[in-house]
Structures are given as C-alpha cells and as structure tokens.
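Peer 1: For reference, the structure I am asking about is given below.
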Amino acid sequence: MASGIKQTPLFEMHITRGAKMAPCGGWNLPLHYYEGIADEHKHACTEAAVLDHCHALKIRIAGAGAAESLDALLAVPVLDQPTGSCRRNFLLNAQGGVQDELLVCAMAEEDFFLLGHAGNTAELLKKALPEDLTWQDLSELLGKIDLVGPAACAVLEELDVPEGDLPAPDGCKSQVVAEIPCILIRTETAGMAGFQFCFAADYAEDMWEILLETDPVLPAGQGAWDALRIEAGLARFGSELTAGTSLIHAGLAPLLRLEEFPERSFAGKEALLKMPENRKLIKIQLDGRRGARAGSEVLVNGSTAGRVTGGAYSPLCGSAVAFAWMDTAFAAPGNAVEISAGNVVLAGKIL
C-alpha cells in the first residue's frame, strides 16, 4: 500500500468480500466487489446498496450564534435552515473557488452537524468561527455508511425503524437503528434517495454486517457510486468542483439564492461573482459504452475546447456519459464533440 494511504474501520470487511481496493482522496476504498460495477449500479437503482463513507469529515458546531456564524461563512444560507433539516453547502476560498462541499445538518437550535470531504476543512472552520462556539472534530470517533435505492425505507423498516420514525426528505434526527444510536440523515446520495448513518466508529463492522444481512442490500464501491452520480448529473467536490471552479458556472447558482438574499455576505462571494464566464460545466453523452477518463481532452472541430472531469457507462442512457469543463463558446447543448482516449477518439454530444 502506498505510503500515507489511510484505511477505514471497514477495510478488512471489504477484503473479506473480495473488494478491489483503490486509492481515493488519500483513502484506500473499494472500487468494486465481486459483483462488478455494472451489477452494483443496477442493484442500487432497483433494490438497495451500501457504501463505506467512514472517511468523511464529521464536525459539530454549536452555541449561541452558531447559525449566524455559519451563514456568514458558507455559500448556501444557514440562518433560515429549520431544525431537523439538512442542506448541501460549500466553503469557498478567497478566489471564489470551491474549498470543500459540506452537508449541513441542523440537529437542534444552534447545534449543527457538518459532513465534508477536504482534510483541512476542520481547521479552516475552527479558525474562521468565533472562539466561544463549541467546535468538535468527530471524524475519527464516528463511522459513516450510506444506504441508497428504492428499497432503502423498507430496509429500515426491517430493522424496526418504521416510516413514521424516519426523518423527512432532506431531514436529519437522532435515531436508534438495530440498537445502535445514530445520526440518521435522509437525503440524496450519488443522485439517489437514501439515508446516511453516522454512529460511534466502534460499531462500524456491526452496522455494515447488519445492513448486508438485511434483504435485499448489497455493497457498492466507488465505481458504481461515480457512475450513478454522473448519470444523475451531480457534480462533486474533488472532480468537477475544485479550488479553481465556480459554483455559478457549474450550474449550482440556485442553491446560493443570491437574488433572494442580495445583501447576504459570505466568504468568497465577491470573488465568485467576478470569476470570468469563460468556462461551463457540461454533461456529454457518448456514442458507445467506453467511458472517458478524467483529464482527457474534449475536442470540437479538432481543437481542444475542454477537459473531462469524470466518465462512466450509464445503463440508463445505454451509453457512456461524462462531465467536462468546456469553453463557453463551445458548450451549447447538442454540439458534437470528440474525446481523446489514447489512440482512440470517442464521439458524443453535449446534453
């Protein structure tokens, strides 16, 4: 294993199940299991699948003024967020680019639980927020498993959590699942409806086994999850959303509610509004099944017009799909493109 690559508490469980492991964001995570990416993708779409997300950043911020402080820092409004709800949010850098993507859960009045990705986000938040707020980095103390698919609610009912005890869509609450105390979050993951479970890390193997012993749950790796979210058109941090990209040009301006709160200020706002509109995030449907790799050139009439951020085969489309940042002049829907893939050129069109 490469030096510095970390393991989640479920590493041995993945190996036992025959997972092919691969580095992802500094962690050794399952790419797929013996079922394979295509079968895992299909099962998640038709039944229910689980993903090891124990590596996620987990932070608690609480105290008088917590909502106001987070509202002044994060790109999506927090001040009007109801207790028991969760919202997709972003921490921007001084240049207006995406420093991290967060899920902000309002657990109680002035008490927030944040899920993130970037390794330095915890310290950045600690430095940016008032010292009198309670700040806890719970990343090592808590495990996290995601459950998605149309059978997700039925799975929880089998585990003695009836529909009436579940959080509302885009909601969160403290809930005991299979005798394990959890923060239960109900929101879309990889473009699919489902649940996220956060619990004491010592219970990670128990929760993993309990979920997999519940019919019809199967595990899915990063390959299937990436295919699902690209298929759904869901840009993610680290691929499409980076330190040099604009949320507005990525099509996420509605989340910011800039027209609703024109006077609202947040970190990186002025720089974000000044970022030149020379690139646009687009989705491409390819003519065949072969996927495009991140970093591949996107060509229009033989000239480089953009670069792929991620690609995968989409059973829903019956062909491969990809995300790419494109020069705005070439980014119109319906435009024909070609993607350089080594000695092969893949043809497609912008959706």
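Peer 1: Condition first: in contact with a Leu (Cβ under 6 Å, 6 or more places away or on another chain), within 19 Å of R236 (Cα to Cα) and either of a type in the set (S, T, N, Q) or in the same structural domain as E188 (by TED's automatic domain parsing) (or both). Now tell me which residues in the stretch 60-95 satisfy that.
Peer 2: N89
Peer 1: Same structure, new question: Has the stretch 105-114 got at least one residue that is in the same structural domain as E188 (by TED's automatic domain parsing), more than 30 Å from G4 (Cβ to Cβ), modelled with pLDDT of 95 or more and assigned to a loop (DSSP other than H, G, I, E, B)?
Peer 2: Let us first name the residues in the stretch 105-114 that are in the same structural domain as E188 (by TED's automatic domain parsing), namely none.
Within the stretch 105-114 (the criterion being in the same structural domain as E188 (by TED's automatic domain parsing), more than 30 Å from G4 (Cβ to Cβ), modelled with pLDDT of 95 or more and assigned to a loop (DSSP other than H, G, I, E, B)), the answer is no, since none of the residues qualifies.
Peer 1: Next question. Can you go through M326, M275 and tell me which one is touching a His at 6+ places or on another chain (Cβ under 9 Å) and crowded, with 16+ Cβ neighbours inside 10 Å? Before you say what the answer is, go through the steps one by one.
Peer 2: Details: M326 fails: touching a His at 6+ places or on another chain (Cβ under 9 Å).
Of the residues listed, the single one that is touching a His at 6+ places or on another chain (Cβ under 9 Å) and crowded, with 16+ Cβ neighbours inside 10 Å is M275.
Peer 1: Between a residue in the stretch 296-316 that is of a type outside the set (G, A, S) and any residue that is at pLDDT below 90 and surrounded by fewer than 20 Cβ atoms within 10 Å (Cβ to Cβ), which pairs come within a Cβ distance under 6 Å, given they are 6 or more apart or on different chains?
Peer 2: E297/S340
Peer 1: Across the stretch 268-327, what is the number of residues that are part of a loop (DSSP other than H, G, I, E, B), more than 25 Å from Q99 (Cα to Cα), out of contact with any Leu (no Cβ under 8 Å at 6 or more places or on another chain) and among the small types (G, A, S)? Walk me through it before giving the result.
Peer 2: Step one: list which residues in the stretch 268-327 are part of a loop (DSSP other than H, G, I, E, B), which gives 268, 275-278, 287-296, 301-302, 315-318.
Still in the running and more than 25 Å from Q99 (Cα to Cα): 287-292, 301-302, 315-318.
Applying the additional criterion that residues be out of contact with any Leu (no Cβ under 8 Å at 6 or more places or on another chain) yields 289, 291, 301-302, 315-318.
Filter once more, keeping what is among the small types (G, A, S): 291, 302, 318.
Looking only at that region, the number is 3.
Here's the yes/no breakdown for (1) in contact with a His (Cβ under 9 Å, 6 or more places away or on another chain); (2) assigned to a helix (DSSP H, G or I):
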residue: P23; (1), (2): no, no
residue: P30; (1), (2): yes, no
residue: E35; (1), (2): yes, no
residue: H41; (1), (2): no, yes
residue: A44; (1), (2): no, yes
residue: L51; (1), (2): no, no
residue: I59; (1), (2): no, no
residue: A64; (1), (2): no, no
residue: S69; (1), (2): no, yes
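Peer 1: Also: Step by step: first the residues of the stretch 233-273, then only those that are hydroxyl-bearing (S, T, Y) and closer than 14 Å to W325 by Cα, then the one that is nearest to the chain's Cα centre (by Cα). Which residue is that? Walk me through how you get there before you give the answer.
Peer 2: Looking only at the stretch 233-273, we keep the residues that are hydroxyl-bearing (S, T, Y), and these are 239, 242, 245-246, 265.
Still in the running and closer than 14 Å to W325 by Cα: 239, 242, 245-246.
Values: S239: 10, T242: 13, T245: 16, S246: 17 Å.
My answer is S239.
Peer 1: Buried (at least 22 other Cβ atoms within 10 Å of the Cβ) and not assigned by TED's automatic domain parsing to the domain that holds D206: is that true of L51 in this structure?
Peer 2: The answer is no for L51.
Peer 1: Further, regarding this structure: Kindly indicate which of P150, P169 is under 22 Å from the mean Cα position of the chain (by Cα), closer than 30 Å to E109 by Cβ, assigned to a loop (DSSP other than H, G, I, E, B) and not assigned by TED's automatic domain parsing to the domain that holds A320. Reasoning before the result, please.
Peer 2: Numbers: P150 fails: closer than 30 Å to E109 by Cβ.
Matching residue, one of P150, P169: P169.
Peer 1: Moving on to the next point. Just need a number here: residues in the stretch 88-109 that are in contact with a helix residue (DSSP H, G or I) (Cβ under 9 Å, 6 or more places away or on another chain) and surrounded by fewer than 19 Cβ atoms within 10 Å (Cβ to Cβ). Give the steps one after another, and end with the answer.
Peer 2: Taking the stretch 88-109 and keeping what is in contact with a helix residue (DSSP H, G or I) (Cβ under 9 Å, 6 or more places away or on another chain), we get 88-97, 99-100, 102, 104, 106, 109.
Next, from what is left, pick out any that are surrounded by fewer than 19 Cβ atoms within 10 Å (Cβ to Cβ): 88, 93-95, 109.
Residues that pass the stated criteria total 5.
Peer 1: A further question follows. Of all residues in the stretch 1-33, which are out of contact with any strand residue (DSSP E or B) (no Cβ under 9 Å at 6 or more places or on another chain) and either in the same structural domain as E101 (by TED's automatic domain parsing) or not small (G, A, S) (or both)? Please lay out each step first, then the result.
Peer 2: Within the stretch 1-33, the subset out of contact with any strand residue (DSSP E or B) (no Cβ under 9 Å at 6 or more places or on another chain) is 3-4, 12, 16, 18, 25.
Passing the criteria: E12, T16.
The values are calculated or read from the model by the stated rules, or taken from the named source; none is laboratory data. From a predicted model like this one, the values you see are computed outputs, not experimental measurements. In this analysis, Cβ positions are derived from the backbone assuming ideal geometry, glycine residues included, and neighbour counts consider all displayed protein chains.
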